[in-house]
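In what follows, a single structure is set out as structure tokens and then discussed.
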Amino acid sequence: MQEWSIEQWESTKESQSLCAFYLYTPMCGTCKIASKMMEIIEETFSDIPIGKANINYIEQIAIDYKIESVPCLLIAKNGKIEDKIYAFQSVLYLFDKFQKKD
């Protein structure tokens, strides 16, 4: 996953029918586990643009999207947020979320 700026996220969200933005902090243990899950999802759904960002460097996104905690996964469809996921229950759970959006 590539690190995205807020501008890259907004541009991708508006130009793609489906995309996702994974928000994390480097010191968060849960984020490390979620990152591994997201690597699998990115490989599985290689046709869907998925970016990531350390929320410490893009605090404005936490305000704009009312992010309550990390890890957080924003899934956008046709320019609108369809899902805001905080509990990365399992790879299969995430797989189902992406598969239902196609």
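The values are calculated or read from the model by the stated rules, or taken from the named source; none is laboratory data. This is a predicted model, so every value here is computed, not measured. Reconstructed Cβ throughout: ideal geometry from the backbone, glycine too, with neighbour counts over all protein chains shown.
A few notes on this one:
- Residues being in contact with a Lys or Arg (Cβ under 9 Å, 6 or more places away or on another chain) and surrounded by fewer than 19 Cβ atoms within 10 Å (Cβ to Cβ) - total across segment 19-41: 2
- Any hit, segment 61-81, residues being surrounded by fewer than 14 Cβ atoms within 10 Å (Cβ to Cβ), free of Cβ contacts under 8 Å to residues at least 40 places away in the same chain, of a type outside the set (A, V, I, L, M) and on the phi > 0 side of the Ramachandran plot: yes
- Matching entry among Lys80, Lys84 (being of a type outside the set (Phe, Trp, Tyr), modelled with pLDDT of 95 or more and in contact with a strand residue (DSSP E or B) (Cβ under 9 Å, 6 or more places away or on another chain)): Lys84
- Residue pairs meeting the criteria (Cβ under 7 Å; at least 6 apart or on separate chains; first without any contact (Cβ under 8 Å) to a residue 60 or more places away in the chain, in segment 1-15; second loosely packed, with under 11 Cβ neighbours inside 10 Å): Ile6/Gln60
- Candidate set: segment 82-102, residues that are in contact (Cβ under 8 Å) with a residue 60 or more places away in the chain and not acidic (Asp, Glu); chosen: the one nearest to Ala53 (Cα to Cα): Phe98
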